[in-house]
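Readers should treat all values here as calculations from the given coordinates under stated rules, not as data from a laboratory. Please read all numbers here as calculations on a predicted model, not as lab measurements.
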């Protein structure tokens, strides 16, 4: 089923929060509707060889234009809320992966993805 993502899944560098060098990016999962909040729900993006593990529909292999050729894994299983001020520079978007991301989030909360 094709859905319209509630977010553009902006990818940011990490300032604080997930200070792991193996997870240099986070993706914002939170809806546009909640932009006024001081917090944001994110998930880290790891370099696959350094801790990111693809797990079926839950942790997803992704490609970023800002890091071409890198073997990256979006780890929905590690999503968390952080202060919006802890987001670094916006460097990319995973808009094209919206259906897969929503499926992984649904898997976490409903067991179905």
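Working out 0.36 nm times the residue gap between residue 36 and residue 70, then minus their Cα-Cα distance, what length gain in nm do you get to one decimal? Don't skip to the answer; put the middle values down first.
Details: separation 34, 0.36 × 34 = 12.24 nm, distance 3.29 nm.
Separation in residues times 0.36 nm, less the Cα-Cα distance, equals 9.0 nm.
Annotation: extensible slack from residue 99 through residue 80 equals 4.9 nm (criterion: 0.36 nm per residue apart, minus Cα-Cα distance).
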